[in-house]
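Asker: Handing you a structure now.
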Amino acid sequence: MKYELYYWPEIQGRGEYVRLALEEAGAAYIDVARGARGTSAMMKMMDAHGGTPPFAPPFLKAGKLVIGQTANILLYLGARHGLAPKTEAGKLWVHQLQLTITDLVTEIHDTHHPLGPSMYYEDQKAPAKKRTAEFWDERVPKYLGYFEELLAGNGGAYVTGRRLTYVDLSLFQIVDGLRYAFPKRMKAFEGNIPGLVDLHDRIAARPNIKAYLESERRIPFNEQGIFRRYKELDN
């Protein structure tokens, strides 16, 4: 089965967590909105008046199923491609961790748009500086410290133990994105999370992920996505 992934074509955004899972699994998929008239097709599916239309991208079409929300998509893919534990308790635990990452992604976005996404960044620079300072003083140590402890507690290989899960792939994206958006702050902080840094590097070296990162399928970070580099916020 060839999956159809629907997400904005110019950014990594929340769709990137799904792309990483699909790429690691070697699953056949189409990044629909990056093709001709793909964005129109995506909007049409969201505007459907019957059935179970998705609220917003990303969403995944798998046969007759249309699955929305990043963590929900990964819950589905993880069970089918060996990227999640086999037990119900294990699946729920990994899903819980992904939902925690979802919360972190929202807080990362709010560093540059603390007053809301409908306003331009230039109209909320002062609040963004305040939010970013709080984010690095309090939230980054809390979130990344939590996952660092999980890694150490499970032997340091992967978050849940000896086997890779989609959560590990998502943590790779978190580290990679924070390095892009806040290179100075992240460089100063990485000494506190050696396990996550090592995890990031091992994920990047995995054959399927390495090939993906070097391909045109990997959209470069930019100032339209979740991770945005603004010099005045990285000091």
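The values are calculated or read from the model by the stated rules, or taken from the named source; none is laboratory data. It should be emphasised that the depicted structure is a prediction, and the values quoted were computed from it without experimental measurement. Neighbour counts run over all protein chains shown; Cβ positions are idealised from the backbone, glycine included. Accessible surface areas use protein heavy atoms only, side chains included; no ligands, DNA or RNA. Shrake-Rupley method; radii C 1.70, N 1.55, O 1.52, S 1.80 Å.
Asker: Quickly run through the range 208-222 and pick out the residues that are among the charged types (D, E, K, R) and either surrounded by 16 or more Cβ atoms within 10 Å (Cβ to Cβ) or in contact with a helix residue (DSSP H, G or I) (Cβ under 8 Å, 6 or more places away or on another chain) (or both).
Answerer: Of everything in the range 208-222, those that are among the charged types (D, E, K, R) and either surrounded by 16 or more Cβ atoms within 10 Å (Cβ to Cβ) or in contact with a helix residue (DSSP H, G or I) (Cβ under 8 Å, 6 or more places away or on another chain) (or both) turn out to be LYS210, ARG217, ARG218.
Asker: Consider PRO117 carefully, then state whether it is out of contact with any His (no Cβ under 6 Å at 6 or more places or on another chain), free of Cβ contacts under 8 Å to residues at least 24 places away in the same chain and more than 25 Å from THR87 (Cβ to Cβ).
Answerer: yes
Asker: From the list VAL66, VAL105, VAL94, exactly one residue is among the β-branched types (Val, Ile, Thr) and within 16 Å of ARG163 (Cβ to Cβ). Which is it?
Answerer: Unique residue meeting the criteria: VAL94.
Asker: Next question. Name every residue in the range 179-224 that is small (Gly, Ala, Ser) and either in a helix (DSSP H, G or I) or touching a strand residue (DSSP E or B) at 6+ places or on another chain (Cβ under 6 Å) (or both), in order of residue number.
Answerer: Residues satisfying the conditions are ALA181, ALA188, GLY191, GLY195, ALA204, ALA205, ALA211.
Asker: Restricting to the range 10-37, give me the number of residues that are open to solvent by 50 Å² or more (accessible area, probe 1.4 Å), part of a loop (DSSP other than H, G, I, E, B) and not hydrophobic (A, V, I, L, M, F, W, C).
Answerer: Total meeting the criteria: 4.
Asker: Scan the range 179-190 for residues that are open to solvent by less than 70 Å² (accessible area, probe 1.4 Å) and either more than 16 Å from PHE221 (Cβ to Cβ) or touching a Pro at 6+ places or on another chain (Cβ under 6 Å) (or both) and jot them down.
Answerer: Listed by number, the residues that qualify are PHE189, GLU190.
Asker: Of the residues that make up the range 38-59, is at least one at negative phi, of a type in the set (Gly, Ala, Ser), assigned to a helix (DSSP H, G or I) and open to solvent by less than 70 Å² (accessible area, probe 1.4 Å)?
Answerer: Within the range 38-59, one or more residues are at negative phi, of a type in the set (Gly, Ala, Ser), assigned to a helix (DSSP H, G or I) and open to solvent by less than 70 Å² (accessible area, probe 1.4 Å).
Asker: Related question: Which of the residues belonging to the range 160-180 are within 21 Å of ILE226 (Cβ to Cβ) and out of contact with any His (no Cβ under 8 Å at 6 or more places or on another chain)? Even if it seems obvious, please write down each step before you answer.
Answerer: The initial filter retains those residues of the range 160-180 that are within 21 Å of ILE226 (Cβ to Cβ), namely 166-180.
Matches in the range 160-180: TYR166, VAL167, ASP168, LEU169, SER170, GLN173, ILE174, GLY177, LEU178, ARG179, TYR180.
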